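**Q** I have a structure I would like to understand better, so I am pasting it below and will then ask my questions one at a time.
The values are calculated or read from the model by the stated rules, or taken from the named source; none is laboratory data. As the structure is a prediction and not an experimental result, all values here were calculated from the model. Virtual Cβ from ideal backbone geometry, glycine too; neighbours counted across all protein chains shown. Protein only, heavy atoms only, side chains kept; ligands, DNA and RNA dropped before computing areas. Shrake-Rupley method; radii C 1.70, N 1.55, O 1.52, S 1.80 Å.
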Amino acid sequence: MPIHWCLESRLRILLFGSLGEQIGREIDADLPAEGCSVASLRMLLAERDPAFAPLARASARACVDQAIVREDYVIRPGQEVAFVPPLSGG
Amino acid sequence: MAEVRLEPGPLEPDRALREFLDGANGEGAVVSFVGIARPASRDGVAVTGLYLDHYPGMTEASLATIAADSEARFGGTRAMVVHRYGQVNAGEAIVFVAAASKHRRSAFEAADYMMDRLKTEAAFWKREHRIDGAAWIEPTEQDRADTQRWSEACPE
């Protein structure tokens with residue numbers, strides 16, 4: 001019996017501001033069932049497509065479930081993930 | 001409990017103020033502020049308008065935190081924030097802030113405090129539409145310094 005079939009889940013990543021304009025409002029990634037750190041996710045995306053390079057920059061902050069998180073935060077399946085540029089304020 | 005709203009369409013400050021006054025709770029002072037989209041950029045280039053990108057949920061929460069903090073900091077103050085999102089043309093109201101307190105000083109300070117924090121911490125990404133092209137903008141050093149001054153001393 002294959003053991004791989006439930007090992008990955010589809011992660012939807014939201015992008016805002018200049019990132020959304022450059023890359024698109026939404027991208028998908030495969031997330032391992034055990035989760036993946038923000039730092040690994042950035043590397044994974046940047047390797048997949050040169051257009052995603054801005055997501056590897058420190059100025060793009062990662063948000064999970066609408067709160068800014070650190071690089072070692074482990075993203076789990078089912079969480080809402082976004083990358084945001086520095087806030088411009090109101 | 002602070003009243004906070006995000007609005008896509010025209011923001012009518014007079015109606016917002018009327019609504020805020022109708023919610024009066026015995027306060028003796030009300031201060032309101034209206035921010036208007038400027039027709040020129042920081043370096044003087046003509047601007048036709050702004051586009052405010054927002055993160056539904058997170059943006060409302062950032063406004064609610066700022067309004068609630070002003071109510072907690074200036075005791076007995078009631079706060080309201082109405083903010084536009086999406087396309088805002090130059091000359092249109094982009095933000096309305098109001099504070100009601102027992103006495104005027106707290107109301108003035110609460111409104112000032114909310115605006116300083118909104119300028120740096122509200123979860124928006126702003127694209128300026130200049131006649132020579134569009135550009136995403138960030139808070140200025142002055143905006144950050146204005147927010148910072150509230151960390152230095154607590155009035156009460």
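**Q** Between B:GLN142 and A:ARG10, what FRET efficiency comes out of the Förster formula 1/(1 + (r/R0)^6) with R0 = 30 Å and r the beta carbon distance, rounded to 0.05?
**A** 0.10
**Q** Also, I was wondering about something else. Probe radius 1.4 Å, ligands and nucleic acids ignored: give me the carbon and sulfur share of the accessible area of region A:8-84 as a rounded percent.
**A** Accessible surface attributable to carbon and sulfur in region A:8-84 totals 50 percent.
**Q** What accessible area, summed over both chains, is buried at the A-B interface (1.4 Å probe, Å², nearest 100)?
**A** 1600 Å²
**Q** Can you tell me what share of the DSSP beta bridges in region A:8-84 is antiparallel? A percent to the nearest 5 is fine.
**A** Roughly 85 percent of the DSSP beta bridges within region A:8-84 come out antiparallel.
**Q** Where in region A:69-90 does accessible area fall by at least 50 Å² between the isolated chain and the complete protein assembly, at a 1.4 Å probe radius?
**A** Buried by the other chains: A:LEU87, A:SER88, A:GLY89, A:GLY90.
**Q** Here's another thing I want to ask about it. Report, in debye and to the nearest 20, how large the dipole of region B:105-150 comes out about its Cα centre when Lys and Arg carry +1 and Asp and Glu carry -1 on their Cβ.
**A** Dipole of region B:105-150, to the nearest 20 debye: 100 debye.
**Q** Which net charge results when you count Lys and Arg as +1 and Asp and Glu as -1 among the other residues whose beta-carbon is under 12 Å from that of B:ARG149?
**A** -4
**Q** Mind checking which of B:ALA68, B:ALA29, B:HIS83 is farthest towards the positive end of region B:3-138's charge dipole, using Cβ charges of +1 (Lys, Arg) and -1 (Asp, Glu) about the Cα centre?
**A** Final value for the positive-end residue is B:ALA29.
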